[in-house]
Every structure is written in structure tokens, then in C-alpha cells.
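One structure is given here, and the rest of the page talks about it.
FYI, it's all coordinate maths here, none of it is from the lab. These figures come from a predicted structure and were not determined experimentally. Reconstructed Cβ throughout: ideal geometry from the backbone, glycine too, with neighbour counts over all protein chains shown.
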Number of protein chains: 10
Amino acid sequence: MDRLETFPNPAVGRQYRIKHILHEFTSVCPLTGLPDFATVTIDYVPDAICLELKALKYYFLEFRNMGIFYEAVTNKILDDLVERCNPIEMTITTDWGVRGGMSSVITAQYRKQ
Amino acid sequence: MDRLETFPNPAVGRQYRIKHILHEFTSVCPLTGLPDFATVTIDYVPDAICLELKALKYYFLEFRNMGIFYEAVTNKILDDLVERCNPIEMTITTDWGVRGGMSSVITAQYRKQ
Amino acid sequence: MDRLETFPNPAVGRQYRIKHILHEFTSVCPLTGLPDFATVTIDYVPDAICLELKALKYYFLEFRNMGIFYEAVTNKILDDLVERCNPIEMTITTDWGVRGGMSSVITAQYRKQ
Amino acid sequence: MDRLETFPNPAVGRQYRIKHILHEFTSVCPLTGLPDFATVTIDYVPDAICLELKALKYYFLEFRNMGIFYEAVTNKILDDLVERCNPIEMTITTDWGVRGGMSSVITAQYRKQ
Amino acid sequence: MDRLETFPNPAVGRQYRIKHILHEFTSVCPLTGLPDFATVTIDYVPDAICLELKALKYYFLEFRNMGIFYEAVTNKILDDLVERCNPIEMTITTDWGVRGGMSSVITAQYRKQ
Amino acid sequence: MDRLETFPNPAVGRQYRIKHILHEFTSVCPLTGLPDFATVTIDYVPDAICLELKALKYYFLEFRNMGIFYEAVTNKILDDLVERCNPIEMTITTDWGVRGGMSSVITAQYRKQ
Amino acid sequence: MDRLETFPNPAVGRQYRIKHILHEFTSVCPLTGLPDFATVTIDYVPDAICLELKALKYYFLEFRNMGIFYEAVTNKILDDLVERCNPIEMTITTDWGVRGGMSSVITAQYRKQ
Amino acid sequence: MDRLETFPNPAVGRQYRIKHILHEFTSVCPLTGLPDFATVTIDYVPDAICLELKALKYYFLEFRNMGIFYEAVTNKILDDLVERCNPIEMTITTDWGVRGGMSSVITAQYRKQ
Amino acid sequence: MDRLETFPNPAVGRQYRIKHILHEFTSVCPLTGLPDFATVTIDYVPDAICLELKALKYYFLEFRNMGIFYEAVTNKILDDLVERCNPIEMTITTDWGVRGGMSSVITAQYRKQ
Amino acid sequence: MDRLETFPNPAVGRQYRIKHILHEFTSVCPLTGLPDFATVTIDYVPDAICLELKALKYYFLEFRNMGIFYEAVTNKILDDLVERCNPIEMTITTDWGVRGGMSSVITAQYRKQ
């Protein structure tokens, strides 16, 4: 999470949406040690700062050899990114490849109060 | 239903959605004895516990040679899963292959009160 | 309409949706005598009884050589099925093939009061 | 507009939707004299009368050599059809082919008060 | 922005939507100097005036060799077009090609008060 | 087959291909009496005469209430059309809707010797 | 294989192709005991006899609880069907669902000498 | 055909292919007077000269109000373009919209001897 | 490559094709250290032995943290698999995700002499 | 063209194919000064050397503000790349966006003698 960088929102005061879709996320199943693959979508309304894209890509690399469950990784990404850029709202969606004839989609959401 | 297993929700307190899509469900028509094929979608908001995926796959295998109607199997899956993981809300959708030029989709929903 | 058969709703008390999509409906244009082709979708919330699928298929065969307009056939199917299974709500959609560079979709809805 | 014909609504009193999609509309750009091509969608809730399809096709032919802008033709079709069939509500959508790397969609709506 | 031209709304008083989709937008990344590619969508409800399409195409050419971030260019287009045609409401969406396995979509909205 | 009409080939001497695709063919299963639906493709190189389209449409209507198997109807169409227009070569393809989880495609070909 | 039935080829002497696509094949993995799912395509040129469709469907049901590998089942279907209908040529293709991120397609062919 | 213009082939001596696809062709049915719509594809290997695109677009405009059959217009375009640019080979394909449930594709080819 | 396992071809003497498509291959760029993602297709005609699927999956895991170019990895997979199962022929195709606006496909083939 | 870089073929002696697809090519029309957009595909069999991808991307940037026709740019890319990497064979395909309702595809090929 230390890798995450930000830059000042160029349109503070206007509530607009930024969506980044990472088509190539991979982590490891903590039970089997086998890799999992997902598409990860970040959809947020920035407040004072925005997430820098290149650093975001490096942040996701940290999961490449990490053993972690679908539900946990989705909530961890939301927690990390909210802490780093303090958005007005943010939704994380992870869409996982087929395992045993079954695919999965996890969606977690944060709204500033 | 005894096969179903669970694990503790890693983000209790946050209302987030988990969707599992089983692309390879099959049961048997109780009238003709011929197999039926469907895609089954489970979409739920967990409370204290989550459904474990591997056990879920084995749970669905129990229907492979069971004679049961579309409407009944959809409601039975909802009843079984709600009883087992006690979610905040859950929707089951079954999408059935063509029979006599006709395909069918059944959707049943539970919300904790 | 006499052909329509029903069976008891296996989950009375739960409001769930049943959708049947007939991909191969055909009737006849009353002006030209030429056949029309449509996909017909029945989407309903059952009350005490459900529509039986095989009888439903035979019901639709009655339109094969009947001369009837798009708007009339859509409303007639809705009237017939509502009368037969007395649902909580029902929507009929007919999606017609291209005629003169133009395709048509008719949608009629019933809600029990 | 004189070409437009109508017939009595076969289900007066029920608010149902009729959608006609003309895949082959063409008019002329008043500035360049070059042809424009669009898909035109009529989506309406009839009151006492419905639009007859064959006459509708001839009505659209009147635009084939008419010079008229995207925004004007969309509003003219809405005005003509509303005047002719007096619907409860009607939406006209025109979806135009690419010009200079840009495509356009215009949507105009009428609701009876 | 001086290039933008307008014409009188042919249906003042009716709230209808105009959508223009530019499939071939390109600007330059201010950090790397490499080109970025996007599809830009303008969706607005005109008030007294409409945006002229040919001038709009030339307006977008001004970004071809301009170094500017995704978030900034989206908000700048919204600011420029709102100032020029004073619409009742307008939404700008920019959908960017893949960089580092990640694609992005930015959406900014204006509503007249 | 008496309904089939022809017109003189406007480019005799050049071997070019004509393909007609009927998206709305229907006949009846001789065993069950239930309707079958297919897309029928005629692909031929004309010799002295071409098949007239409107008459072709009426020819296909003759199958609407005829009980005939997939394999037989494909070969009958080929025989009828070859006899009527005497082409240099012709291929008939019939692509049938799903029955019992199975769809079928039959292809028969004629080449003048 | 005893279930397979045939009928006389209605166009003996013409080499034409018949293709049947079973969208709902299932067998069992002999190692894990878990079900496998495939689409099975039969593509053949009949000689004196054709495969009857309804019996073919029942033939495929025999694999539902049989433990057998992808490569073996494909070759077994080819052997069984060739023995039963003695075609001029036949190709069997089995297209299997994803397992461990990997899907498989097996194709075996027979030509009469 | 007088409108067609050409320019010198920039790579004389290399046999390469040029394909232009006109998505918006329209002519008139000589029997009914109603418009027909097609996608027209020109695929050729140039010899000494190439077809100029803007003039080609104006050439196609001449068919807008011309009554002509599918087979005739395809062969006429081939004759006109071959005469004008004298290619090594050329194929014209016209793909026509649905009429009476039937769509058509005509393909004519020229090869220099 | 030691992980690769095989089993006896169940249909020795018949030349049939086996295709495995791994949708989730990943390796590392040797220049940047960043991960690459590809779909890898193995298409082969077995001789005496076949590749076992589960071991194949583990073989591909060895590339997860290996720095290797597109061209080299494609040829290495071909060399490894040919050495291990000695097929009659084999084709390896690697289809790589977008980098700098560019995607790549590499195809290498082996035929036994 | 000076920007193009190469590296030694890692599998000299095996004839295998390398395909690079640039989704974001842009140049300028020499007549109107307006930008053109294309997808460019390079498909080649390397001899002793391969094209380096990052340098290839910079090579394509040189066309961004260059006025050049479709046919000329396709042949120029082929000439430049053949000269630089001396392949066994190479095909360049350029697929251009819609202009005046027309899109274009140019394909040029080189084979070493």
C-alpha cells in the first residue's frame, strides 16, 4: 500500500466519477497455492486527491504472490485505496475466472459520511 | 445440504455483495426422467458468515440425479443456502436450456427482516 | 386457451419471478395472409398456481394459422394467461421479425389489485 | 404526414407499450446535400388509436430527399406522430451513422398532460 | 475553444437529449509524451442553442498534440462546451485505451441551476 | 413448386454467386405433429435464369403445414430449385432450432456436369 | 449403443452433410468422480442410413454417470456411431468446459475407404 | 460513372489488395418503387491506378433514386469500376437488408487475363 | 518441464486432434520486470502418448515468475511438450494482452518427419 | 525508420509466425489535413532477427503528423520493416475508420525469394 501515489484533483468541487479497470489481476489461493485471476474495477468520486495510475499498477503487483481469499482481497483493496485517497465514494468489483464450473463477482462499497 | 460449509465473513459490518455463478448445473425432469441443464446464480450480502466455494460445488452435485421441477429447485436452493449462512439478503436465479422451443428463468429472493 | 394447464405453486407466500421465453412463435397477418414470426416472453409472479410448460407450448400452437395483429395477439395472450393462472403480476413481450425494414416490440402488463 | 393511417386500439384502457424500429431511414444534409442514414425508434403508449405499420413506412419515405438537420427531423417526427395518433406518451430516438469520426443519437419525448 | 459554433435549437421548450460520440479522440500524456486514445461522448439537453457538429470536430483536433491528464481533459471539455452552448444539462464521458493492463472511464456532469 | 418464378440472368457468361437467406422457415415434424423452425440458405451460381424473390417466399410457405424430416426437406428444396432454374451450382443449408438439447444443420449441394 | 436407431437415407447417391450439435453432454471424470460438461458435434455424410435424433439423445444419456476421459469418450462416440450407421465420413468434436483455467477441444474423424 | 476518379498506384509492381466497404448504399426496387438498402464491398488488386475515395462516394449516390435489381446493380458496379481503373482483379459484394423475412448477398468477380 | 506427465493414447493409429486452451498464463518481462498475460493454445495430434491435463497446469505455473520474451516462451513451450509427448504434430499459439496500444500473437509449429 | 530496433531470433531455423496488432495508429489526410485512424497488423516469419516492440511503437509515432494516403502508408510500413528485419515473409494490414459512410482495409505482402 506504500506504493500508492496521488495527485491533486483538477476539478475540486465538482462530483465526477473516475473508473479504472485492471484486466490482469492475479493473486494466490491460500488453500491450494494455485493462482487466481480477476478483473478488478475501481469506481470512485474523488474529493481533494486522485489516484495516480502508474503507482496503482505497482500496488496491484503486491498481490501477485500473496495468498488471500476473494472476499478478503476485495475488502482489502477498498480499505487501502479509501485510506490513501479519501474519496467521496468508492466501489471495488472483482470478477474471478472459472473454478470448478463456477465464477464469482465480489462488490464492496464505501461512502464518506 | 449437509455438505454446505461456511467461513467467517472477513468484513463484518460492511454490506457488500458476493455473486457465484455455476455454469454447469444439471437435475432431472420428474415427469420425463430426462436431464435438465441450467446456469445457477447466487447473489447475496453476507452477515456473519460466507459460503465456502468448494463445498458449494459438492452441494450442487446432489441435484444431478434428483427429479425436481424448475420452480421447486430454485426455491429449495434459496431455502437451503439461507438456512446455512443466514445472509442479510440473497437472490437465486436459475436459467434453463431450451425445451420445445422455450427457455426459462426463475428468480427467488430473500431479505432478512 | 382450453389447453392451458397449471400446477400448485411450490413456494406460496414468497414473491418470486418466473420467465418463459418462446423463441418460435408464429401467427398470420390478417391483411396479407402472410406469416409473422416473434419471440414471446412471459414474465410473472405466481400466486397460488403456476403455468405448466408443455401445455403452454400447445396453447401457442393455436396461433399458427390465426390471422391477428401484433397489438391484439399481445393483449390476448396476456388476457388468456391472467385468466388461467391468476398471477400477482404478469408482463407479455412480443418481439417481431423485420417487415419493410421495420421491426416491432409490444409489451403489455397486468398487476393484481 | 397525410400518409399516416391509424386503427382503433384493441386494448383501450390498458397502458401498454408499442415500439417500432425502422432500420433503414435516410434523409439529406441541408448543408452538403449528402445523404444521412439513421435507425429510427418510435416507442409509445397508445390512447384510443394505434399507428398502422404500412402507412408509417410510406410516411418515412417522404424524408428520403428532404434536406433537414438531425435535431429538426427528430422533433418533426415526434410532432407529426403525436398529432396523428394522440398517444398517452411517445419517445422518438434517431441513431445516426458516423460522420467525421462522430456518431449521434437524438431522443425527444412527449407525455400527454 | 474559439472554434466551437452553435445554431438555434429547433425545438426550444421541449427538453430532449442530444448525444454525440467521437470515436477517434487523441491527446498526449504530459508525463511520457506518448499519445493517449479515447472515445468521447457528449450527452446534453439544449436550451436556446445547439452545438454545430463540424466545428465540434475541429475543436477536438486542438487536443491532438496537447499534453493533458485524463481527469483534466474530461473536465476541460465539459467547461468549454457548457460555456459555449449554455445547456440545461450536459455529461462528458471519456473512455481510454488500455495502458499497463488498465483502461479508464471518466464521467463529469453539469446541471443548470 | 409451381409457384417458383424466374427472370433472365442479367450477366450471362460471368460466374457470380447469389445467396438468399430465409430467416423464418417453418415445417412440421411428421412423427409428433409439432412445428420445426429453421433458417434456410440458398447459395447458387445462375446459368441462364435467376430465381425471383417474391415467388420464392411463396414457395417456402407451402412447407408451413407439411410433415417432413430435416434431411428430406433439405434435399427436396435442392431438387425443386435446381429443376426450376437449372443453375451451374447450388447449395442448400438448413439450420434447425434446438430440440431435446440438440440443434442440426443439413447441407446438400448440386453441380452441373 | 444399443439405443441408437436409424432410418433410410432419403437421398441416397447424393453426398450431403448432416450436423447434429448436442449442447448438453455430461460425463464423469474417472479420477475425481466430478462431472464434466461438453458440447458434442456429429458431422457426417450418410451412406444408406441416417441416425435417428431421439434415439441419439438417449444414447448420449448413457454417459451421464460413466467415468471416462475426454480423449476416450470422443473416440468411443466415433466408433459407436460409425459402427451403427456406416457413413461415408464422420467427424466428432467435443468441446469441454473450463477446468483449472483450461478448456479442451478433441476432434476425431473417420473416412470410409 | 463519369464521376469516378483515379490516382496513380503508389506501389506499382507489388500485388496488394484494397478493400472499401460502403455501409450506406441505397437504390430503388424497380417493381415496387420502394427503397432497398445494402452494404457494398469493393475488393481489388490495383494495376497502374487506384480508385479515389471521395469520387467513389459520389458515384454511389447516382443509384439513390435508380430502379434496379440486386443482381443487375452488383454486375453494373463491377463493370463500371473495372472499366474505370482496369484492375488486376476485383470482387463486388452487395449485402441486402431483410425483405419478406429474406436477406440476400450477391458476389461478382473479375480477373484480368 | 519435469512436472509434465503423460498417459497412453486411447486410440493409437487414428490421427485425431487434441486442443487445450489455457486462459490464464502469466510470465514476466525480462526488461521491465512487469508481468505479461497470455492465452496459450496447444493443438496436437498424439502418437503413442497424450499430455495429462493436471500436470500440464502445474508445468505452466513454472513461468509465473520467470523473465522471458514472447518469442522465446512460445518456442520453449513447443520444445518442452514435443520432447515430452513426441506427437505427430503440434502447434503452440500465445495471444498476449495489450502493451503500449499493441497486442501480439506468436505461433510455432512442429511436424514429425 | 531509424527508430526501429531488432534482436536475434531465439529460434532460428524454425519457421514460426509473429503478429503485432497496433490498435491506435493515426496519420493525417494529405488533402484535408484531417486525422485518419487505423488498426495496423504486422504478421511476419522472422529470419535471423526479430522486431523489438518498444522501438516499433516509437516508429509508428512518426506518422502521427505526417500527411500520407492509405495505400502509400501501408506500402511504406511494409518497405521499412522488410528493410530493417529482412523477414522470410511479412504482411501489413491497415484497417481504417469510417469516412463518408465508407471504411477501408489495405493489405500488402512480401515474400523473400
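Averaging Cα coordinates gives a centre for segment I:52-113 and one for segment I:1-18; these two points are 17 Å apart. Database remark: amide H of G:GLU52 closer than 5 angstrom to the amide H of G:GLU5, G:THR6, G:PHE7 (H placed geometrically; neighbours at sequence offset of 5 or more, or on other chains; Pro and chain starts carry no H).
Computed from backbone phi with θ = phi - 60° and the Karplus coefficients 6.51, -1.76 and 1.60, the 3J(HN,Hα) list for segment A:107-112 is 10, 10, 9, 10, 10, 5 Hz; x is used for glycine and proline. Counting neighbouring beta carbons within 10 Å and listing from fewest to most, the residues G:TYR58, E:TYR110, D:TYR44 come out as G:TYR58, E:TYR110, D:TYR44.
Between C:ARG111 and C:ASN65, the distance separating the two model label sites (each 7 Å from Cα on the Cα→Cβ line) works out to 4.2 nm. Amide hydrogen proximity for A:GLY100: with H placed 1.01 Å from N in the peptide plane, the residues at 5 or more positions away or on another chain lying under 5 Å are G:GLY100. Between E:ASP47 and A:VAL12, the C-beta separation translates, for a Förster distance of 22 Å, into a calculated FRET efficiency of about 0.25. Per-residue Karplus couplings for segment F:83-88, computed as 6.51 cos²θ - 1.76 cosθ + 1.60 with θ equal to phi - 60°, are listed in order as 4, 7, 10, 6, x, 6 Hz, Gly and Pro entered as x.
Dividing the mean sequence gap of close Cα pairs (under 8 Å, 6+ apart) by how many residues segment G:1-77 holds gives a relative contact order of 41 percent. Computed over segment G:34-113, the convex hull of the alpha-carbon atoms projects to a mean area of 5.4 nm².
Computed from the alpha carbon positions, the gyration tensor of the protein assembly as shown leads to an equivalent ellipsoid with semi-axes of 42, 42, 38 Å, biggest first. Considering every alpha-carbon pair of segment E:52-98, the percent of pairs per 10 Å bin, from zero through the bin containing the longest distance, is 21, 58, 19, 1. Between amide H atoms placed 1.01 Å from N, distances below 5 Å from G:PHE25 occur with G:ALA38, G:VAL40, all of them 5 or more places distant or on a separate chain. For the rotational copies A and G, the chain A residue with its Cβ nearest the relating axis, together with that separation in Å, is A:VAL98, 2. Karplus-derived 3J(HN,Hα) values for segment F:13-27, using 6.51 cos²θ - 1.76 cosθ + 1.60 with θ = phi - 60°, are x, 9, 7, 10, 9, 10, 10, 10, 10, 8, 7, 9, 8, 9, 9 Hz; glycine and proline are entered as x. Which entries in D:LYS54/H:LYS54; C:LYS19/C:LYS112; A:LYS112/B:LYS19; F:LYS57/G:LYS54 show an alpha-carbon gap greater than 27 Å? Beyond 27 Å between Cα atoms: D:LYS54/H:LYS54; F:LYS57/G:LYS54.
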